[in-house]
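Novice: Take a look at the following structure, please.
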Amino acid sequence: MTQQVDLDAGRPPEVSIVVPVFNEEASVEHLVDALLRVLSGENFEVVLVNDGSTDRTATLLLELARVHPQVVIVELSRNFGQHPAVVAGFSVARGRFLVTLDADLQNPPEEIPRLLAALRSGHDVVGSVRQNRRDPWMRKQISSLVNRVTTASIGVGMRDYGCMLRGYSRDVVEEILELSEQAAFVPALAMMLATNPVEIEVQHSEREEGASRYSPLRLMRLGFDLITGFSLLPIQLVSLAGLLIALAGAALSALLFARRIVLGPESEGLFTLFAILFAFMGVLLFAVGLVGEYVGRIYAEVRRRPTYRIREVISQSAVLPETDHEEQ
């Protein structure tokens, strides 16, 4: 079970900003400056989760925690990935309202007050849709395809699964931590748990420093993981395709048998048969791989190994020792 880390016995902050950070030495100081400026009128904390950075990010985070009392640093033992890092931040954050965003400043912190206003009006999950998205054309097309297929698969009405700028109520976050799923996509899981969700349009900026770690192949893998992690529709579609192919194969066999009786032996259709056979084999291999994906997820759930490990939590009010946690 995931444990909530108590950093301060005093009055908890109203707002927690949770940011997964991996090799963002060029932008993390600008990010914190922007957050401090935008949230100046709030009782807030900024939870920065260092997801195994290998550059100077860790050093910069320590300096930020030393200078700013609102900054809390969560050091993970190694790189676990974006969503495990977000859940690790959830386990430490104390706010009534929680907002997540990326560290690269493509999601402007200036949009956060709009998310908080929606949360305070009664919505328990606030999603965001990037307007005038400043990403390469190929990445936008792949992302759009993933959004459409995922929405059709899991039945959760979201237009932009890839935008990390999102708001969550404390109740939804507690449910995410309680579920402790081994492979969970936080935005989709939260939307499934929400009773009064909403999506708002937000601005999107070009990445000023560094390069995105989401290549087209990784985006496709993320979409496949998301679909298989939340729905049985893919394997049901493969089963249906298998049935249709079996019926088509039976009909083709009957046709070829009738032609043989009427016309006698013929070899002109040999390559056509090979092409059909290869197509069937491709469908079969895809089906085996899909079944393997589901079996692998079952295996991961049965093992129940921690999917993130908090090495240390650092702030001006606490420096906690090494601790194990399980991600949702």
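Novice: Considering SER212, SER267, which residue is farther than 30 Å from THR57 by Cβ, modelled with pLDDT under 70 and either outside any helix (DSSP H, G or I) or in contact with a helix residue (DSSP H, G or I) (Cβ under 6 Å, 6 or more places away or on another chain) (or both)? Reasoning before the result, please.
Specialist: Details: SER212 fails: farther than 30 Å from THR57 by Cβ.
Only one candidate qualifies: SER267.
Novice: Between a first residue in the range 87-98 that is in the same structural domain as GLU45 (by TED's automatic domain parsing) and within 17 Å of SER180 (Cα to Cα) and a second residue that is surrounded by 24 or more Cβ atoms within 10 Å (Cβ to Cβ) and among the hydroxyl-bearing types (Ser, Thr, Tyr), which pairs have beta carbons less than 7 Å apart while being 6 or more apart in sequence or on different chains?
Specialist: Sorted first by the residue in the range 87-98, then by its partner, the pairs are VAL87/TYR308; ALA88/TYR308; ALA93/SER16.
Novice: Looking only at the range 28-37, which residues are under 19 Å from GLY89 (Cα atoms) and of a type outside the set (D, E, K, R)? If you could, list the steps in order and put the result at the bottom.
Specialist: Taking the range 28-37 first, the residues under 19 Å from GLY89 (Cα atoms) are 28-29, 31-32, 35-36.
Scanning the range 28-37 gives VAL28, LEU31, VAL32, LEU35, LEU36.
Novice: Related question: Could you tell me whether PHE22 is over 21 Å from GLY127 (Cβ atoms), assigned by TED's automatic domain parsing to the domain that holds GLU178 and aromatic (Phe, Trp, Tyr)? Quick ask: steps written out before the conclusion?
Specialist: Details: over 21 Å from GLY127 (Cβ atoms): yes; assigned by TED's automatic domain parsing to the domain that holds GLU178: yes; aromatic (Phe, Trp, Tyr): yes.
Judged against the criteria, PHE22 is a match.
Novice: Can you tell me which condition GLU25 does not meet? The list is (1) more than 30 Å from ALA117 (Cβ to Cβ); (2) part of a helix (DSSP H, G or I); (3) touching a Ser or Thr at 6+ places or on another chain (Cβ under 9 Å), and all the others hold.
Specialist: GLU25 satisfies every listed condition except (2).
Novice: Sticking with this one: Between a residue in the range 45-61 that is touching a residue at least 12 places away in the same chain (Cβ under 8 Å) and under 17 Å from ILE310 (Cα atoms) and any residue that is surrounded by 22 or more Cβ atoms within 10 Å (Cβ to Cβ) and among the hydroxyl-bearing types (Ser, Thr, Tyr), which pairs come within a Cβ distance under 6 Å, given they are 6 or more apart or on different chains?
Specialist: VAL47/SER16
Novice: Another one. Here are some residues: SER169, SER121, SER128. Which one is under 30 Å from GLY95 (Cα atoms), surrounded by fewer than 18 Cβ atoms within 10 Å (Cβ to Cβ), in the same structural domain as VAL86 (by TED's automatic domain parsing) and modelled with pLDDT of 70 or more? Quick ask: steps written out before the conclusion?
Specialist: Working: SER169 fails: surrounded by fewer than 18 Cβ atoms within 10 Å (Cβ to Cβ); SER128 fails: surrounded by fewer than 18 Cβ atoms within 10 Å (Cβ to Cβ).
The conditions single out SER121.
The values are calculated or read from the model by the stated rules, or taken from the named source; none is laboratory data. Predicted model, so just to flag it, every value in this text is computed and none were measured. Cβ sites come from the backbone with ideal geometry, for glycine too, and all protein chains shown count toward neighbours.
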